[in-house]
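Notes to accompany the following structure.
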Amino acid sequence: MISIKPIAKVKGSMKVPGDKSISHRALMLLSIGTGQGKIRGLLNSADIFSTLRAFQSMGIEITEEEDAVAVTGKGLYGLQEPSDIIDLGNSGTTMRLLSGILAGQPFMSVLTGDDSLRNRPMGRIIEPLREIGADIYGRSGNQKAPLVILKNPLKGGTYQGKIASAQVKSCLLLASLYQGGSFTYIEPQRTRDHTERMMRYLGISIEVEGTKILMGSPDEKQAPGSKKKEFINRDLEVPGDISSAAFFMALAAGKPGFEIIIESVGVNPTRTGIIKVIEDMGGDIAVLNKRSLSGEPVGDIRVRGKILKNIPIARERIPSLIDELPIIAVLASQARGDMEVSGAAELKVKESDRIAAMVQEMGKLGVKIEETPEGMKIYGEQVILGGKAYSHKDHRIAMSIVIAGLLSKEGVSLSGEECIDISFPEFFKKIQALREA
Ligand code: S3P
């Protein structure tokens, strides 16, 4: 249990830890590339540790150096059969992306996770992986983990994605490194493209045309399961995570007088939905000092508090801000008018049912907020009174409630806050630093 007192003033600059999505992909791709690659700015959190341990259990050497993590990749076919089941804790990204790599291996593997992960939908990767030839099974009629993955040659072709999910897309793009022939993945809606960017940066053959991603050259006429081109590792640098920065952006954006600069944050356009929302709500937000890090755009995000006006958030924006919706709900409660979030059913199958969790917990703090069939309605200009709340063991719910506590009248006691270690172990230290600034 932690008690969060209201914050009187926010002014200053800060950094947030490395991007979680990019950190997973860096560890995975360097493990199956050839030679040593160093990762600077890798997120040091529980979810990333799940990915790191999984590859160590398959014989990959990953060592911590003073200012980087060094991965010695053994090539596409260098992983060893793990001697035990692989426990991925709370990490959905690890389970879904890793399954794509494991589907191409000549050995058996079994993946499991915590209560939350074992109840998240895995049919969304099992079904397409089977379609390209994988021998993969899951509990509950191939819908849930534990997953068992056996050896089978994978074949190329075209797959039309059914849900807008970067995890599903990335699973298939990784599996395609083990397919005979070329492979095309068509996304129903554009989602974060970190896998595509990193693959390109590492020299893997990939072309993107709108929502179509082509892997390998179209004239590759290889037999199913025949060997693909290896790639040589390069050093990678991970930008700050915009999904972690979002909590501080929301803290400052709606309060005149508050101002914050968050340095070196990834501003990949498939992730900047939160910036666009703050802009569209009439906020004062700017990306300064734009540059590029290992193929990803980066900048310093400056937010100055203003009275905001709510806007509707519909399906087309959802993939660009999916992980930010809980904190956007907090921001919306402080703005003028009401906010209706729609087309966001995916939020129900995250680390928790994030719609139910936010409606319950914000409700406990005195905010009027309702669940709708595929989203939520947040009433604006609410006073967050304060009180007792629970994290639902979900890091993003926990951090959203902490920000609500900072903006509240009387403070908040939050239980189950340990889950914040999943993505942002230094979160409370950053808040302390803001209080002392
Ligand atoms: C992620 C994709 C998103 C996001 C998750 C990380 C990724 O999930 O919510 O936190 O790294 O690819 P979906 O692909 O399920 O939308």
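Compared with the dominant Cα axis of the chain, that is its longest principal axis, helix 46-56 is turned about 10°.
Residues whose amide H falls under 5 Å from that of residue 238, counting only those 5 or more places apart or on a different chain, are 40, 41, 42, with hydrogens built in the peptide plane.
In the chain, the longest principal axis of the Cα atoms and the axis of helix 166-175 are about 20 degrees apart.
Tally Lys/Arg at +1 and Asp/Glu at -1 over every other residue whose Cβ is under 13 Å from the Cβ of residue 165; what's the total? Surrounding charge for residue 165 is +3. Seen from residue 56, the other residues with C-beta closer than 15 Å to its C-beta sum to a net charge of -3, counting Lys and Arg as +1 and Asp and Glu as -1. Mean sequence separation of contacting Cα pairs (under 8 Å, at least six apart), scaled by the length of the stretch 144-212, corresponds to a relative contact order of 33 percent.
Overall, the accessible surface of the chain at a probe of 1.4 angstrom is composed of carbon and sulfur to the extent of 50 percent. The residues neighbouring residue 47, those whose beta-carbon lies less than 14 Å from its own, together hold a net charge of -1 under the Lys/Arg +1, Asp/Glu -1 convention.
Note on residue 388 and residue 150: the model spin-label points, each 7 Å out from Cα along the C-beta direction, lie 5.1 nm apart. Where only DSSP H runs of four or more residues are counted, the chain gives -9000 deg cm²/dmol as its mean residue ellipticity at 222 nm, each run worth -39500 (n - 2.57). Starting from the Cα of residue 372, step 7 Å along the direction of its Cβ; do the same at residue 209; then give the gap between the two resulting points in nm. Inter-label distance under the simple model: 3.7 nm.
Label-to-label distance, residue 309 versus residue 162, with points set 7 angstrom from Cα along the beta-carbon direction: 4.2 nm.
For the stretch 96-236, the solvent-accessible area works out to 40 Å² per residue, with a probe of 1.4 Å and every protein chain left in place. In the chain, the longest principal axis of the Cα atoms and the axis of helix 395-406 are about 20 degrees apart.
For the stretch 252-407, relative contact order (Cα pairs under 8 Å, six or more residues apart, normalised by length) works out to 20 percent. The relative contact order of the chain, computed from alpha carbon pairs under 8 Å that lie at least 6 residues apart in sequence, is 17 percent.
The values are calculated or read from the model by the stated rules, or taken from the named source; none is laboratory data. Everything numeric here is computed off the predicted structure, so don't read it as measured data. Cβ: placed from backbone, ideal geometry, glycine included. Neighbour counts: every protein chain shown. Note: areas computed on protein heavy atoms with side chains; ligands, DNA, RNA excluded. Shrake-Rupley method; radii C 1.70, N 1.55, O 1.52, S 1.80 Å.
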